[in-house]
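Worksheet for the structure shown next.
The values are calculated or read from the model by the stated rules, or taken from the named source; none is laboratory data. All values reported here derive from a predicted model rather than from experimental measurement. All Cβ positions, glycine included, derive from the backbone under ideal geometry; neighbour counts span all protein chains shown.
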Amino acid sequence: MSNFVPQVIQTEIEKHDQIEIPIEHFFSDGVYARHMTVQEDGIVVGKVHKHNHLAILLEGTVRVSSKYGTALYSAPYVINVNKGDKRAFYAVTKVKYITVHATEETDLDKLEQELVE
């Protein structure tokens, strides 16, 4: 948990059913991208990333909270995510979202170790 998600909110989130969001993985020369679709009213609490990367909102509207505050984004939109950042987002509408990372790694377990804390 990060300091931008107060304990009372974290406790409330944990009371609700947790679902697995299917992730599609894509690889190209030195690039890894993952795509997810989050249904309306879905909440996603991300992990702390070890490297700068891009997040691309392809479809929908999302409210993003981080240590910088809260912002509302509507597609199409590109977010520069800084290393050390942790974000939570609320899908105001159905959202399609891609993150893009610079890496040569293609093993998903190793990617998790490389990219997030």
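Determine whether Tyr77 is modelled with pLDDT of 95 or more, closer than 28 Å to Glu104 by Cα, touching a helix residue (DSSP H, G or I) at 6+ places or on another chain (Cβ under 9 Å) and among the aromatic types (Phe, Trp, Tyr). Show your work before the answer.
Numbers: modelled with pLDDT of 95 or more: yes; closer than 28 Å to Glu104 by Cα: yes; touching a helix residue (DSSP H, G or I) at 6+ places or on another chain (Cβ under 9 Å): no; among the aromatic types (Phe, Trp, Tyr): yes.
Answer is no for this residue.
So which strands (runs of 3 or more DSSP E) stay within segment 3-117 end to end and still have 1 or more residues that are surrounded by fewer than 16 Cβ atoms within 10 Å (Cβ to Cβ) and in contact with a Ser or Thr (Cβ under 8 Å, 6 or more places away or on another chain)?
23-28, 31-38, 53-59, 61-66, 69-74, 95-102
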